[in-house]
1. Hey, among Arg435, Arg412, which residue is farther than 23 Å from Arg360 by Cα, under 38 Å from the mean Cα position of the chain (by Cα), modelled with pLDDT of 85 or more and open to solvent by 90 Å² or more (accessible area, probe 1.4 Å)?
2. Among the candidates Gly100, Gly9, single out the residue that is under 30 Å from Thr228 (Cβ atoms), surrounded by 16 or more Cβ atoms within 10 Å (Cβ to Cβ) and at pLDDT below 90.
3. Are there any pairs with C-beta distances below 6 angstrom linking a residue in segment 106-135 that is in contact (Cβ under 8 Å) with a residue 60 or more places away in the chain to a residue that is open to solvent by less than 20 Å² (accessible area, probe 1.4 Å) and of a type in the set (Lys, Arg), with the two at least 6 apart or on different chains, and if so which?
4. Would you confirm, using the coordinates I've provided, whether Arg92 is surrounded by 14 or more Cβ atoms within 10 Å (Cβ to Cβ) and among the basic types (Lys, Arg)?
5. Take the residues of segment 213-240 that are touching an Asp or Glu at 6+ places or on another chain (Cβ under 9 Å) and open to solvent by 10 Å² or more (accessible area, probe 1.4 Å): which is farthest from Leu269 (Cα to Cα)?
6. Keeping to segment 710-736, report how many residues are of a type outside the set (Lys, Arg) and modelled with pLDDT of 65 or more.
7. Is there a residue being surrounded by 13 or more Cβ atoms within 10 Å (Cβ to Cβ), assigned to a loop (DSSP other than H, G, I, E, B) and under 25 Å from the mean Cα position of the chain (by Cα) anywhere in segment 491-510?
8. Of all residues in segment 41-74, which are touching a strand residue (DSSP E or B) at 6+ places or on another chain (Cβ under 7 Å), assigned to a loop (DSSP other than H, G, I, E, B) and under 29 Å from Ala230 (Cα atoms)?
Amino acid sequence: MLGQIARGGMSVILKGHDTDLGRDVAVKVLDEELAKRPDVVQRFIEEAQIGGQLQHPGIVPVYELGLMGDARPYFTMKLVKGRTLASLFGQRKAVTDDRGRLLAIFEAVCQTVAYAHSKGVVHRDLKPANIMVGAFGEVQVVDWGLAKVLGQGGVADEQRAKETHASVHTVIETIRSGPGSSGSDSMVGSVMGTPAYMAPEQAQGEIEKLDERADVFSLGAILCELLTGAPPYDEHADEPVVVQAARAMLDPARERIRASGADPALVQLCLDCLSPARAARPANADAVATAVHDFLTSSEERAQRAELEAAEQRIQVAEERRARRLMAALGAAILVALGVGGGSYLWVERTQAERREATRTAVEEAQAEALALGQGDRPGEALAAARRAQSLARAGQADAALLDRVERFVARAEADLEAAERAEELELKDEDLRRRLVELRLGQIDTIGNLQRERELDREFADAFREYGVDLEAADLTPALARIRERDIAEEVALALDDWSRLRRKLHGHGSEEADNLFFLAMDLDPDPVRMEMREAIREGRRDALLSLARPETLDRMSAGSVFVLSSAIWDMYPEDRDVVYRSYDRALPFHPDDYVLQSVGGMIYLRSGRHEVSLACRTAALSQRPDDIGARKQLAAGLLFRGRLERFGDPAGTGWLLESLAFALLEDWEAAERSLRGRYELTGVALLVPPVLSFVRAVVFAELGQLDSAREANARGLYEASELMRDDEESWRRSDLVRWRERAARALGN
């Protein structure tokens with residue numbers, strides 16, 4: 001032990017050094033007297049257990065739970081170095097100072113609490129003093145001692161405390177509300193939390209009503225302090241803070257929030273969170289986080305627009321100033337000319353001044369054009385205009401200051417073009433990676449039971465990321481993660497890592513290091529609470545958790561990629577539950593009609609279960625996303641075949657030739673379709689059948705595509721060609737294929 005860090009009403013936090021691992025830790029030890037109370041010990045242990053199970057970058061990890069030599073419980077945590085949000089609030093000279101950075105910190109807090117809410121945990125003591133901001137910008141929500149697990153109906157002795165302290169007007173005298181405490185101190189009893197940041201139902205001790213919206217109120221209270229400099233309730237008012245909270249005395253706070261000068265969207269969010277009516281608040285912290293994120297994103301866009309408008313304004317002011325200088329120069333020149341009788345020296349000076357002014361005008365016009373082109377996302381043309389301004393300045397009588405400005409202007413335009421080209425290059429790489437990941441996802445379906453193909457696909461995953469520019473098998477992954485995070489593909493990459501991890505579990509075993517490395521990378525890149533829960537359930541093999549995630553209310557909120565990962569895990573790990581996969585696709589496909597992978601996979605699994613009509617619908621939807629994809633065409637052709645519209649008939653080589661010819665026909669590539677058919681019929685020695693069979697194939701395909709006039713024309717041509725072939729009785733043995741194709745064409749046409 002290396003000394004005391006802090007002391008609270010219930011416990012002391014010591015600094016310790018873990019001699020086994022060589023790291024400093026925080027050791028939270030329960031007070032000696034309180035350690036004799038089973039109810040307090042239970043709450044202390046539950047705090048450790050909750051902290052140990054909530055695994056999120058914004059929550060301090062708990063390492064160990066145990067007993068000291070004197071039987072006091074303790075638990076060890078990561079040692080967090082930094083400042084509290086309360087101290088950051090306190091160091092502001094004005095409430096508007098550093099608002100952008102503080103809002104970014106607040107968004108991180110909302111994301112952390114959203115994760116806890118997704119796990120069914122409410123904090124119940126959210127306040128600036130319980131938010132740590134590290135030296136490198138990391139944000140962590142601390143002190144989960146009053147947390148409530150919703151699924152289990154609460155923790156510790158709340159109900160008994162409620163019955164004992166029924167009146168909300170009584171300030172509970174507890175270990176946290178002794179001498180020296182204030183309305184901002186946490187309280188234990190029926191009123192649990194910090195009154196200055198409490199929701200009304202929490203201040204009234206209505207524990208059965210406490211859910212995520214109590215935390216939402218506290219987040220609104222923190223936002224209120226961020227915007228106005230004070231929490232919603234006034235410690236110096238006539239009523240105690242806990243009474244103000246219980247009665248929802250929020251009118252003064254609302255006035256302060258509206259008068260804060262903050263953006264209207266931010267003001268409305270704060271007011272919504274602080275609504276006395278639970279139902280009127282955002283449902284959970286995720287909704288608050290989304291609103292803050294949207295605001296910050298729109299603020300950045302507005303700032304960029306303002307910068308562009310300011311640049312335009314500067315150009316306009318410069319033009320007006322130049323015009324005034326020109327008028328003054330002309331006036332002065334006229335007066336001098338009148339005074340000295342129009343001497344030649346003054347004439348030369350005036351001429352040079354006019355040339356300089358004309359040069360300046362031309363240069364600034366070219367620069368204004370360059371700015372406008374740059375704002376219109378045309379950096380190449382903007383650079384050309386900037387260089388034209390440079391040429392004008394060099395060729396004309398520009399002074400040194402103008403030449404310097406022009407050179408710097410061109411340098412900025414060159415940098416802008418380089419950045420735009422780099423952005424375009426990265427965008428192309430992003431699109432190529434997205435395409436590769438889709439192909440790799442579909443490729444997994446063909447690897448079932450094929451160990452060699454699984455190994456090839458494993459290498460293809462690694463190659464795809466290396467070609468993108470990141471090595472996910474390197475010893476130091478920091479550059480790779482930074483590269484991915486700076487692009488808008490982190491979620492897609494994380495889901496691809498889920499696919500890759502699934503493949504490696506097959507190759508190396510369920511708990512292998514190769515599979516786990518990809519699991520942790522996906523968790524690091526994608527903090528979405530539902531997907532994090534899904535990944536943990538897959539890694540830990542928790543069947544009930546996976547089946548719970550497959551419920552309709554959860555599936556409806558999942559992305560297409562998440563549905564694929566979840567359903568694939570259930571399909572692989574629990575064959576007896578494959579009916580859940582079918583139900584999941586029944587539910588998810590209407591929500592994602594434009595997702596090529598989900599529709600393609602749906603076509604495959606429905607075909608496997610004999611649901612040919614649904615399979616065909618999925619494959620038709622997939623083809624609509626990639627109309628020129630020969631693979632999608634073959635899948636649709638297979639769907640038509642199994643659906644019974646194109647019955648299988650005698651073919652020594654199976655149906656491969658048929659699917660190939662139909663795929664080309666569906667692409668309306670008739671030359672390729674004819675080559676495919678000719679190869680088959682030449683193999684059997686009856687190449688003369690190709691023209692009429694191809695005509696009947698045309699009729700069937702056109703009918704499937706809804707082009708009935710073309711179908712009837714092709715059918716008529718096929719009948720004519722077949723009749724010409726069958727005039728001679730010696731050719732009658734060829735009629736079998738022709739008759740079958742003629743019947744198919746007739747059925748397709750409905751006659």
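The values are calculated or read from the model by the stated rules, or taken from the named source; none is laboratory data. Being a predicted model, the structure only gives us computed values, none of them experimental. Positions of Cβ are backbone-derived with ideal geometry, glycine not excepted, and every protein chain shown enters the neighbour counts. Side chains are part of the model used for accessible areas, which takes the heavy atoms of the whole protein and leaves out ligands, DNA and RNA. Shrake-Rupley method; radii C 1.70, N 1.55, O 1.52, S 1.80 Å.
1. One residue alone meets the criteria, Arg435.
2. None of the others qualify; the one that does is Gly9.
3. Val122/Lys148; Arg124/Lys148
4. yes
5. Pro231
6. Going through segment 710-736 one residue at a time, the tally reaches 15.
7. No, segment 491-510 has no match at all.
8. Listed by number, the residues that qualify are Gly58, Val60.
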